[in-house]
């Protein structure tokens, strides 16, 4: 490989600037710049969260000055202000978890059925249906919040602002996320398994239950997670449909506390939110790995989470 | 085992919007036959198969199974089963559950299911693989599971959509032989779709050659290869060495007198009574090359332009004195082939092997005059 490579090799006496540019611009080299930008972004996004969680372990009452490490002061110990002992904070935690759980359990099945319907529906009405389904994704949250509260004030006035109203509001905008994720997975599965099942004598219901749903499992699990995360995180809609202190969720509580005199117990509350979300992520990942343990060919055990979950195929 | 397995396709039409994929074809497949649909991509063979299976609704026409019209029946109620191109094995079920799937839909008893799954796996030589998942099988094994899954239901007709496409050449050849043996053993009708002419020739009892949504010819492999009725069929199966000739009707011995450029030839095959501008074809293995000094009827001078060594044969590209190049195939018998590159030779086109063809209606543009009726 001498003469050929010699003719292809770059002349060695390029200027230092030229060599530096070539090194940076080589598309086959390792993507150093890209990796750098990604790390900067990750650090910038996560640093505030880490700092907030750090201050939940603050020994003193400040949110900005580190006064020593105390593991449980703001979680359990403090008799008045810790999450365990402050009824307002506890209420907010329970309300958030309640909404998230209900949202998950209602929006996911509905969203899966909606995705199946939209994927199989042909014709102009189907296009309209698709568009309608996408609306919550593109509508600004404040518009959603106001319109939902108007709906419950004038149209469905038998429903007061309450947990019920909040759940309905959450389910409304969560549906779109579920549909988009499940539909992406449906497209990548294709019609072949349904055709095979029908060919072997399965009725459409049997096909759905025995073939499609097991294959959609990764999308269902990842959309459950997404719905949980979105619901716990939601502020605007929960506030507009809130009945007052009893319906306060964590974000609402944090917001109102921040305007008054915030204590690190707020940080502890937020940190608990993060722990729950991470736990949900980890749990659903391992659940998925367990449920599909026979489907991976030998030697491919290390596929990434995103690949396995099959979500975000928007 | 159901008797029959006779499929009839009557005036079947399929349109996708403005595009007509299948132009009103008629096919009849008697029970127990290995019937292939052969053609290039887009010729409508897969669409026809899917309509027989029930995955597409015809735009017109009927499909009959053992005399019964099943055009309106949904796929899960038809007594036909399909082996798909990419097998479509359920990835979340193991081999046993995959094969048992159809039996369980029929609510068969547990012991029955167990026995029949065992028999099916034995038929495809995969006993012992019950617990494996499809992802843990090789391509050939997956294909066999797909076969077992379809055959265990004892359908009257088995539809196969290019099932060997994803396998390497050696495995494909091996499985071609196995599939044919299997069909003869089980005795049901196989309807096989492929674009590989070798596959179709090797396995089929009869072949339907299709092009652009129409059936060009339906005949046995031998007839389709040696007696192609249209230019398309001649060209699709093997090499056709098509020559534009002027025909002048049959002589006293029933052979067609044709003129290729300035050379007079006799063609004993095909539409010998035709006259006017038409095409003649000869298979490369029937052309005889002789030393330059040879003479006789149906001989014209040429020169060997190129040699291609194929292992079991040698392919020579010979430029005729008319300017046209034809392919000649000489089997490798171990003897030296005396026609090196650049040698002038005498090309003998035996009248017995020379076939007069008439064009089909569609694509090829016609020279003026030829109005011969296409033979089917």
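The values are calculated or read from the model by the stated rules, or taken from the named source; none is laboratory data. Owing to the predicted nature of the structure, the values given are computational and were not obtained by experimental measurement. Neighbour counts run over all protein chains shown; Cβ positions are idealised from the backbone, glycine included.
Applying the criterion of at least 2 residues that are more than 14 Å from chain A (Cβ to nearest Cβ) to the strands (runs of 3 or more DSSP E) found wholly in the stretch B:1-114 leaves B:7-16, B:19-29, B:34-38, B:60-65.
What are the residues in the stretch B:152-173 that are free of Cβ contacts under 8 Å to residues at least 24 places away in the same chain and under 18 Å from the mean Cα position of the chain (by Cα), if any? Selection gives B:169, B:173.
State yes or no: is residue B:264 at pLDDT 85 or above, over 29 Å from the mean Cα position of the chain (by Cα), loosely packed, with under 14 Cβ neighbours inside 10 Å and farther than 23 Å from residue B:233 by Cα? Criteria met by residue B:264.
Of all the listed residues (A:29, A:24, A:52, A:47), the sole one being assigned to a helix (DSSP H, G or I) and more than 28 Å from the chain's Cα centre (by Cα) is A:24. The residue that is nearest to the chain's Cα centre (by Cα), counting only those in the stretch B:115-129 that are in a helix (DSSP H, G or I) and closer than 27 Å to residue B:29 by Cβ, is B:123. Of the set (1) in contact (Cβ under 8 Å) with a residue 24 or more places away in the chain; (2) surrounded by fewer than 16 Cβ atoms within 10 Å (Cβ to Cβ); (3) under 20 Å from residue B:213 (Cβ atoms); (4) over 15 Å from the mean Cα position of the chain (by Cα), all apply to residue B:53 but (2).
Scanning the stretch B:220-231 for residues that are at pLDDT 90 or above and surrounded by 19 or more Cβ atoms within 10 Å (Cβ to Cβ) returns B:221, B:224.
For (1) over 30 Å from residue A:188 (Cβ atoms); (2) crowded, with 18+ Cβ neighbours inside 10 Å; (3) touching a helix residue (DSSP H, G or I) at 6+ places or on another chain (Cβ under 6 Å), each residue gets a yes or a no:
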| position | (1), (2), (3) |
| --- | --- |
| A:99 | yes, yes, yes |
| A:103 | no, yes, yes |
| A:132 | no, no, no |
| A:135 | no, no, no |
| A:154 | yes, no, no |
| A:159 | yes, no, yes |
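For residues that are under 19 Å from residue B:81 (Cβ atoms) and within 12 Å of another protein chain (Cβ to nearest Cβ), scanning just the stretch B:125-147, find the one that is surrounded by the most Cβ atoms within 10 Å (Cβ to Cβ). Checked the stretch B:125-147; the qualifying residue surrounded by the most Cβ atoms within 10 Å (Cβ to Cβ) is B:146. Of the residues in the stretch A:254-274, how many are without any contact (Cβ under 8 Å) to a residue 12 or more places away in the chain and in contact with a helix residue (DSSP H, G or I) (Cβ under 6 Å, 6 or more places away or on another chain)? The number of residues fulfilling the criteria is 1.
For the residues B:144, B:132, B:149, the requirement of being out of contact with any strand residue (DSSP E or B) (no Cβ under 6 Å at 6 or more places or on another chain), part of a loop (DSSP other than H, G, I, E, B) and touching a residue at least 12 places away in the same chain (Cβ under 8 Å) singles out B:132. Going by the conditions given, is residue A:236 surrounded by 20 or more Cβ atoms within 10 Å (Cβ to Cβ), under 20 Å from the mean Cα position of the chain (by Cα) and away from chain B (no Cβ under 11 Å)? For residue A:236, the condition - surrounded by 20 or more Cβ atoms within 10 Å (Cβ to Cβ), under 20 Å from the mean Cα position of the chain (by Cα) and away from chain B (no Cβ under 11 Å) - is not met. Reported count of residues in the stretch A:197-217, each being under 14 Å from residue B:92 (Cα atoms) and within 11 Å of another protein chain (Cβ to nearest Cβ), is 10. Any chance the stretch A:168-189 includes a residue that's more than 21 Å from residue A:98 (Cβ to Cβ), in contact (Cβ under 8 Å) with a residue 40 or more places away in the chain, within 13 Å of chain B (Cβ to nearest Cβ) and surrounded by fewer than 20 Cβ atoms within 10 Å (Cβ to Cβ)? Taking every residue of the stretch A:168-189 in turn, at least one turns out to be more than 21 Å from residue A:98 (Cβ to Cβ), in contact (Cβ under 8 Å) with a residue 40 or more places away in the chain, within 13 Å of chain B (Cβ to nearest Cβ) and surrounded by fewer than 20 Cβ atoms within 10 Å (Cβ to Cβ). Kindly evaluate residue A:64 against the criterion of being loosely packed, with under 12 Cβ neighbours inside 10 Å, modelled with pLDDT under 90 and under 27 Å from residue A:233 (Cβ atoms). For residue A:64, the condition - loosely packed, with under 12 Cβ neighbours inside 10 Å, modelled with pLDDT under 90 and under 27 Å from residue A:233 (Cβ atoms) - is met. One residue stands out among those in the stretch B:267-299 that are over 31 Å from the mean Cα position of the chain (by Cα) and on the phi < 0 side of the Ramachandran plot: the one that is surrounded by the most Cβ atoms within 10 Å (Cβ to Cβ), which is B:299. Across the stretch A:253-309, which residue is surrounded by the most Cβ atoms within 10 Å (Cβ to Cβ) among those that are closer than 25 Å to residue A:47 by Cβ and at pLDDT below 80? So, considering only residues that are closer than 25 Å to residue A:47 by Cβ and at pLDDT below 80, the one surrounded by the most Cβ atoms within 10 Å (Cβ to Cβ) is A:305. Residues of the stretch B:187-199 being exposed (fewer than 15 other Cβ atoms within 10 Å of the Cβ) and either touching a helix residue (DSSP H, G or I) at 6+ places or on another chain (Cβ under 7 Å) or part of a helix (DSSP H, G or I) (or both), which ones? Scanning the stretch B:187-199 gives a single hit, B:198.
Among the residues of the stretch B:156-186, write down those that are within 21 Å of residue B:98 (Cα to Cα) and out of contact with any helix residue (DSSP H, G or I) (no Cβ under 9 Å at 6 or more places or on another chain). Of everything in the stretch B:156-186, just one residue is within 21 Å of residue B:98 (Cα to Cα) and out of contact with any helix residue (DSSP H, G or I) (no Cβ under 9 Å at 6 or more places or on another chain), namely B:156.
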